[in-house]
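Please read the structure below before turning to the comments.
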Amino acid sequence: MPILQLHPEDRVQLKKPHPCGGKIFRIVRVGSEVRVICETCGRDMTLDRIKLEKAIKQILTNTTNPPEKGEI
Ligand SMILES: [Zn+2]
């Protein structure tokens, strides 16, 4: 299993869709918990990093927006 490298501004596709039906989430904060925003409805949620890593289906690298310095 590769180690997941999560960074603020990364976008991820989760196995479980959000209640709104969206599967793409944008990471806004990484720590022992990770805060993500649903790209479809704009709601945010906080997940344990371990749970999020298990829930991630795919990391969508975002080359158009270089990541800014994350505040942790
Ligand atoms: Zn949503």
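Residues that are more than 14 Å from the ligand (Cβ to nearest atom) and not aliphatic (A, V, I, L, M) were ranked within the range 10-33; the one that is nearest to residue 56 (Cα to Cα) is 15.
All told, residue 71 meets the bar of being loosely packed, with under 11 Cβ neighbours inside 10 Å, away from the ligand (no atom under 16 Å from the Cβ) and at pLDDT below 95. Screening residue 5 with (1) surrounded by 16 or more Cβ atoms within 10 Å (Cβ to Cβ); (2) more than 9 Å from the ligand (Cβ to nearest atom) gives one miss only, at (1).
Residues checked against (1) at pLDDT 95 or above; (2) assigned to a strand (DSSP E or B); (3) surrounded by 11 or more Cβ atoms within 10 Å (Cβ to Cβ):
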residue	(1), (2), (3)
13	yes, yes, yes
16	no, no, no
22	yes, no, yes
25	yes, yes, yes
34	yes, yes, yes
37	yes, yes, yes
54	no, no, yes
59	no, yes, yes
64	no, no, no
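Would you be able to say whether some residue in the range 8-18 is of a type in the set (Asp, Glu) and touching a residue at least 24 places away in the same chain (Cβ under 8 Å)? Yes, the range 8-18 contains a residue that is of a type in the set (Asp, Glu) and touching a residue at least 24 places away in the same chain (Cβ under 8 Å).
For the range 39-48, which positions are surrounded by 13 or more Cβ atoms within 10 Å (Cβ to Cβ) and more than 15 Å from the ligand (Cβ to nearest atom)? Answer for the range 39-48, where residues must be surrounded by 13 or more Cβ atoms within 10 Å (Cβ to Cβ) and more than 15 Å from the ligand (Cβ to nearest atom): there is none.
The values are calculated or read from the model by the stated rules, or taken from the named source; none is laboratory data. None of the values given here were measured: they were computed from a predicted structure. Backbone-built Cβ (ideal geometry, glycine too); neighbour counts: all protein chains shown.
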